[in-house]
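These notes concern the structure reproduced below.
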Amino acid sequence: VEGYMDVIALAEAGFGETVAPLGTALTEAQIQLLWRMAPEPILCFDGDSAGRKAAHRAVENVLPHLKPGFSVRFAFLPEGLDPDDLVRAQGPAGFEAVLRGQVRPLFDVLIEKEEQAAATGVTPEARAAFEQRLKGLVTHIADPGVRQQYEAELRQTLWERNRRQIRDITGAEGRRGRTVSTQRRNNVQPDWRTRVRAGMPSGGKSARPPNHALPQPLP
């Protein structure tokens, strides 16, 4: 958790295996200490914007040090509450419910971090920028096995995300709305430029009469 008052409140509520970085960002040394106690400790953050930002900083700090079997998970409290407030209002059962039902893996919070970092947009260019940022973060994972797994998970997640966005854009019929930018020229019938050059009317038939109807030259 984030502060020492949260540690005290949770210890009094029966959660004795609680620690806090005391207001600082989670460091590499603290991560290694946590992994001595549990392979996937839960980082519990407040549900407000400050808590989200702290969690996103923790993602960046943990990523380079991930190794097989060792990671972190995240629990976010209801907005406006910290662990101290929650156990005082709802008792130990309220905090236990958060730990059992609202814990998220690091990968999911990594995706959320980049979605909130900037407007992701739905254009191909925006999707490419979003993908580039995520791939850049994954390259920071030092362990090659874990990095390979993250890359595979990322490819699958991005594919599903892009397919969903494209489906939302194109609609149920699987095509974009018929706006001016999406209308294609009819390439079967000649357009007006071709008809003018060939002396053809708008109907596509020759404007010249048949040869037998042409006026005969004077003798």
Subject >> Of residues in the stretch 21-38 being of a type in the set (A, V, I, L, M) and open to solvent by 80 Å² or more (accessible area, probe 1.4 Å), the one farthest from residue 57 (Cα to Cα) >> reply: 37
Original post:
In the stretch 179-193, is there at least one residue being at pLDDT below 55, touching a Ser or Thr at 6+ places or on another chain (Cβ under 8 Å) and farther than 30 Å from residue 105 by Cβ?
Top reply: yes
Original post:
Quick check, is residue 2 open to solvent by 30 Å² or more (accessible area, probe 1.4 Å), in contact with a helix residue (DSSP H, G or I) (Cβ under 9 Å, 6 or more places away or on another chain) and assigned to a loop (DSSP other than H, G, I, E, B)?
Top reply: yes
**OP:** Identify, by number, the condition in (1) at pLDDT below 95; (2) under 27 Å from residue 20 (Cβ atoms); (3) open to solvent by 70 Å² or more (accessible area, probe 1.4 Å) that residue 95 doesn't meet.
**Re:** (3)
**OP:** Would you mention how many residues in the stretch 119-148 are in a loop (DSSP other than H, G, I, E, B) and either of a type outside the set (A, V, I, L, M, F, W, C) or more than 24 Å from residue 170 (Cα to Cα) (or both)?
**Re:** 8
Original post:
Being open to solvent by 70 Å² or more (accessible area, probe 1.4 Å), within 15 Å of residue 6 (Cβ to Cβ), modelled with pLDDT of 90 or more and not charged (D, E, K, R), is that true of even one residue in the stretch 123-132?
Top reply: no
**OP:** Could you please let me know if residue 53 is modelled with pLDDT of 90 or more, among the basic types (Lys, Arg) and loosely packed, with under 14 Cβ neighbours inside 10 Å?
**Re:** no
**OP:** Say whether the condition of being over 20 Å from residue 40 (Cα atoms), among the charged types (D, E, K, R), in contact (Cβ under 8 Å) with a residue 60 or more places away in the chain and not in a helix (DSSP H, G or I) is met by at least one residue in the stretch 82-91.
**Re:** yes
**OP:** Considering (1) touching a residue at least 60 places away in the same chain (Cβ under 8 Å); (2) open to solvent by less than 50 Å² (accessible area, probe 1.4 Å); (3) not aromatic (Phe, Trp, Tyr), say which one residue 68 fails and leave the rest.
**Re:** (2)
Original post:
If you check 74, 45, which single one turns out to be more than 22 Å from residue 142 (Cβ to Cβ) and either touching an Asp or Glu at 6+ places or on another chain (Cβ under 6 Å) or of a type in the set (Phe, Trp, Tyr) (or both)?
Top reply: 45
**OP:** For residue 42, state whether it is open to solvent by 50 Å² or more (accessible area, probe 1.4 Å) and touching a strand residue (DSSP E or B) at 6+ places or on another chain (Cβ under 9 Å).
**Re:** yes
**OP:** Scan the stretch 5-18 for residues that are outside any helix (DSSP H, G or I) and surrounded by 14 or more Cβ atoms within 10 Å (Cβ to Cβ) and report the count.
**Re:** 3
Subject >> Filter result for residue 109 (assigned to a helix (DSSP H, G or I) and farther than 19 Å from residue 25 by Cα) >> reply: no
**OP:** Could you grab me the full set of residues in the stretch 56-65 that are free of Cβ contacts under 8 Å to residues at least 60 places away in the same chain and open to solvent by 10 Å² or more (accessible area, probe 1.4 Å)?
**Re:** 57, 61
**OP:** Restrict the check to the stretch 71-84 and report whether at least one residue is among the hydroxyl-bearing types (Ser, Thr, Tyr) and open to solvent by 70 Å² or more (accessible area, probe 1.4 Å).
**Re:** no
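The values are calculated or read from the model by the stated rules, or taken from the named source; none is laboratory data. Just so it is clear, the structure is predicted and the values come from calculations on it, not from any experiment. Quick reminder, even Gly has a Cβ in these numbers, built from the backbone with ideal geometry, and neighbours come from all protein chains shown. Heavy atoms of the whole protein, side chains included, go into the accessibility calculation; ligands, DNA and RNA do not. Shrake-Rupley method; radii C 1.70, N 1.55, O 1.52, S 1.80 Å.
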